[in-house]
Amino acid sequence: MKIHEYQAKEVFGRFGVPVPKGMVCQTPEKAQSYARDLGRAVVVKAQVHVGGRGKAGGVKVARTPEEANEIASAILGMDIKGLSVRKVLCEPAIDIREEYYLGVALDRDSQRNTVIVSAAGGVDIEQVAEETPEKIARLPIDPLLGFQSWHALDVAKRGGLRSDILPQAAKTLRGLVAAYLASDANMAEINPLAVTSDGQVVAADGKMVIDDNALYRQEALQQYYEESEEDEIEAEAHRRGIQYVRLDGTVGVIGNGAGLVMTTLDEVSRAGGKAANFLDIGGGAKAELVRNSLEIVLMNPQVKSVFFNIFGGITRGDEVARGILQAYDELQLSVPIVIRLSGTMAEEGRRLLEGSPLIPAATMQEAAQKAVRLAA
């Protein structure tokens, strides 16, 4: 579950991270009132669950209350990567001398929570990793030792932070890690951690992603969930209990098992196409789940073909075939569907599909090539 910047800063603040004292505004008048009461320049920031707000015009500085009203009017209702801005965060504008990156995330390679620090703040950390990886310091957290003050000082120093701000930065980093762990997050970052002209550090931005599987024990964070901030198809899939992620291609992908689906995405790419989604029906999928999954995939108007890649273990090929046929009849489909069935009851499934308009394939590679060709 993604949460907004202002919500992340609320969480950070409870653990000693220095955050600006801002206000969430849903009307231009509220933004103007905040700026008037503050009596100084403010920054008006769109609150949506996507990156790139600044580049899209969703973050601007207002010098006067009237300008705050004008900027908020322009940002509210703005469309940023498909999401409509319904509220803005107004904060005191700060005189930034330097920008750093502080983060903590689950690293599946080391199987540990890993702290990340970089002197290249204000830029996507992925871009830094690609272009200047030497500017990034990492420290996997030992689950027995925890994250101690000397760990924070060490990784902050290796990350390129100046010696005179190391104590403040290390304290902030420990607060960030504490917030991350207490919230059952799988990612938390401050980008940038701003150093002001008077030498203070402040979290100028904040981001957190909470593990959905832990929400049952995070009652205070459940109130932050906003379905309207999700992709509408992903939200519908979530309501149906389907593991779906929308992508930007034209080949719909359905498989059983996350690893198989990821491999299927790669095969589509190798065949010269782009996947429109990730959808994992899991093990033991019944016909009704298969039908629902296909319906979810076809809610995306960009989908021009669908590639079913099923390797039967717990999942039975005949159940998958019944679900596809049921969906084909009920939904009156016109999009070509390519099916590769292998494993448990695959032969029975293929017999059920005989005589239908569905397109069989013997191998995953063959199916990917057919799906890509049909999508084009």
| query | Mind checking which lysines have their C-alpha under 22 Å from K370, skipping anything on the same chain fewer than 8 residues away? | reply | K274, K304
| request: Could you work out, for region 245-332, what percent of all Cα-Cα pairs fall into each 10 Å distance bin, beginning at 0 Å and stopping at the bin that holds the largest distance? | output: 19, 53, 28, 1
| With each pseudo-label sitting 7 Å past Cα toward Cβ, what's the R270-L247 distance in nm, one decimal? | 1.4
| query | What per residue convex hull volume, in Å³, do the alpha-carbon atoms of region 92-166 yield? | reply | 118
| said: Kirkwood Rh and Cα-based Rg: tell me the resulting Rg over Rh for region 193-280, rounded to two decimals. | reply: 1.16
| query | About the Cα centre of the chain, what is the dipole size in debye to 20, counting +1 per Lys and Arg Cβ and -1 per Asp and Glu Cβ, all else neutral? | reply | 340
| remark: Note: D164 to W150 extended length (0.36 nm per residue) minus current alpha-carbon separation gives 3.5 nm
| Per-selection Kirkwood Rh - region 5-136 (Cα, Å, 1 d.p.) | 16.3
| Relative contact order (%) - criterion: Cα under 8 Å, at least six apart; region: the chain | 13
| field | Spin-label pair R239/E348, simplified geometry with 7 Å Cα→Cβ offset, distance in nm | value | 3.4
| Under a straight-distance cross-link criterion of Cα-Cα below 16 Å, which lysines are reachable from K207, leaving out those fewer than 8 residues away in the same chain? | K2, K9, K45
| note | Over all viewing directions the Cα convex hull of region 96-222 casts an average projected area in nm² of 8.1
| task | Pop a pseudo-label 7 angstrom from the Cα along the beta-carbon direction at both A74 and V335 and give the gap in nm to one decimal. | result | 3.8
| note | Taking only the alpha-carbon atoms of the chain, the convex hull volume per residue, in cubic angstrom, is 156
| request: Could you go through region 82-89 in sequence order and give the Karplus-derived ³J(HN,Hα) for each residue, using 6.51 cos²θ - 1.76 cosθ + 1.60 with θ = phi - 60°, rounded to whole Hz, and x for Gly and Pro? | output: x, 10, 8, 7, 10, 7, 10, 9
| task | Lys and Arg at +1, Asp and Glu at -1: add these up for the other residues within a Cβ distance under 9 Å of P192 and post the number. | result | -3
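Coordinate-derived values only; no laboratory data. All values reported here derive from a predicted model rather than from experimental measurement. Note that we place each Cβ from the backbone using ideal geometry, even for glycine, and neighbour counts take in every protein chain shown.
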